[in-house]
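Visitor: I'd like to ask you about the structure that follows.
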Amino acid sequence: MPKQLSDELDQSLRAFIEQPDHFLKGLQLMYALHNYPVLASSVPYIVDVSGEMVIPVFTNEKDLKAFKAENEDAQKQTWVKRPTLKVLEDAVLNGISGLAYNLKSKGDTGNSTLFRNNDMLQFMKNYTKILNPLLSTENQKADLLEKVYLVPAIINLLDEGRYTQTFPTLADPHGNRFIPIFTNVASLAKWYENQEFGTPFRMEQGTILAWNLDEIYHPPAEESEIDDTTGVVVNPFDEQQVLIEWSNLD
């Protein structure tokens, strides 16, 4: 864990607050939380925010200074650089609701938010569940037919735990439709940030899965629209994209 504060954490927090459902913004925030410290009291310091007991933490010296100026108790604390996960651990062990980032009563509140313990733990779990199989040594060495991919999908909940699942597609000059899948975040970002493809996907609240080809070809949903597709296209916006037809899996 670097000992210095980083503007990257502050900026990624702002971006996530503005677009909490944006997969890449969430990914950037998780990276920053794991790699850069926050300013927090050396011992659990608790404040009441709208009836919830939270631990205040700060991503920069300026916001901490402003907070201390308005709170006499805060001036008595010893403020140090600490990993977010350590502060979160304090909150969980002491029955505190969560962490409050950059608390302030006025001014720029673009980096101010409250993360409840369960929400932050679930947030980290969701991204870890996706990234761990993708980035594993085994997956990096795996053949294209055996790899785990980043797979955009749109899941529609029905009743009694049932759901349908659809995939965005891209068409070749002959009208054959392929599901876009990705071996890495950089390749995903080219599609995800594209106005023609990624923007409609985000508007439909699409999600990103970590699946292998067999899971795409035989998805667990009761209804899944792959019948009209020919296969998948790997990293479609890269110079060396690869087409894999379903017939190669039979």
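Visitor: With the requirement that a residue be modelled with pLDDT under 95, farther than 12 Å from Asn176 by Cα and open to solvent by less than 100 Å² (accessible area, probe 1.4 Å), what does segment 227-241 give you?
Guide: Residue satisfying the conditions is Gln241 alone.
Visitor: Please find, within segment 130-144, the residue that is nearest to Val233 (Cα to Cα) out of those that are in contact with a strand residue (DSSP E or B) (Cβ under 7 Å, 6 or more places away or on another chain) and in contact (Cβ under 8 Å) with a residue 40 or more places away in the chain.
Guide: Among them, the one singled out is Leu144.
Visitor: How do the pairs read when you match residues in segment 75-91 that are over 22 Å from Leu121 (Cβ atoms) with residues anywhere that are of a type in the set (Gly, Ala, Ser) and loosely packed, with under 14 Cβ neighbours inside 10 Å, using Cβ under 8 Å and keeping only pairs 6 or more apart or on different chains?
Guide: Gln77/Ser42; Thr78/Ser42; Trp79/Ser42; Val80/Ser42
Visitor: Among residues belonging to segment 190-207 that are at pLDDT 95 or above and touching a helix residue (DSSP H, G or I) at 6+ places or on another chain (Cβ under 6 Å), point out the one that is farthest from Pro20 (Cα to Cα).
Guide: The residue in question is Trp191.
Visitor: In segment 202-215, which residues are touching a strand residue (DSSP E or B) at 6+ places or on another chain (Cβ under 6 Å) and either within 16 Å of Glu146 (Cα to Cα) or open to solvent by less than 30 Å² (accessible area, probe 1.4 Å) (or both)?
Guide: Gly206, Ile208, Leu209, Ala210, Trp211, Asn212
Visitor: Among Leu29, Leu13, Leu24, which is the only one that is of a type in the set (A, V, I, L, M) and either in a loop (DSSP other than H, G, I, E, B) or within 20 Å of Trp79 (Cβ to Cβ) (or both)?
Guide: Leu13
Visitor: For segment 49-72, name all the residues that are open to solvent by 90 Å² or more (accessible area, probe 1.4 Å) and at negative phi.
Guide: The answer is Glu61, Lys62, Lys65, Glu70, Glu72.
To keep it simple, each residue is scored yes or no on (1) part of a helix (DSSP H, G or I); (2) within 18 Å of Ser50 (Cα to Cα).
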{"position": "Lys68", "(1), (2)": "yes, no"}
{"position": "Val92", "(1), (2)": "yes, no"}
{"position": "Phe115", "(1), (2)": "no, yes"}
{"position": "Asp119", "(1), (2)": "yes, yes"}
{"position": "Thr128", "(1), (2)": "yes, no"}
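Visitor: Something else about it: Which residues, counting only those in segment 134-166, are farther than 20 Å from Ser187 by Cβ and of a type outside the set (A, V, I, L, M, F, W, C)?
Guide: Correct list: Asn156, Asp159, Glu160, Gly161, Arg162, Tyr163, Thr164, Gln165, Thr166.
Visitor: Any idea which residue in segment 132-162 is least open to solvent (accessible area, probe 1.4 Å), counting only those that are in a helix (DSSP H, G or I) and touching a helix residue (DSSP H, G or I) at 6+ places or on another chain (Cβ under 7 Å)?
Guide: Asn139
Visitor: Something else: Taking the criterion of being more than 16 Å from Ser41 (Cβ to Cβ), assigned to a loop (DSSP other than H, G, I, E, B) and within 26 Å of the chain's Cα centre (by Cα), would at least one residue in segment 74-87 satisfy it?
Guide: no
Visitor: Anything in segment 170-196 that is assigned to a loop (DSSP other than H, G, I, E, B) and crowded, with 19+ Cβ neighbours inside 10 Å? List them, or say none.
Guide: Within segment 170-196, just Thr183 meets the criteria.
Visitor: So which residues in segment 44-58 are among the aromatic types (Phe, Trp, Tyr) and touching a strand residue (DSSP E or B) at 6+ places or on another chain (Cβ under 6 Å), if there are any at all?
Guide: Phe58, the sole residue that qualifies.
The values are calculated or read from the model by the stated rules, or taken from the named source; none is laboratory data. In this text the structure is predicted, and so the values were computed from the model without any measurement. Here Cβ is always computed from backbone atoms with ideal geometry, including for glycine, and neighbour counts include all displayed protein chains. The accessibility values were calculated without ligands, DNA or RNA, using every heavy atom of the protein model including side chains. Shrake-Rupley method; radii C 1.70, N 1.55, O 1.52, S 1.80 Å.
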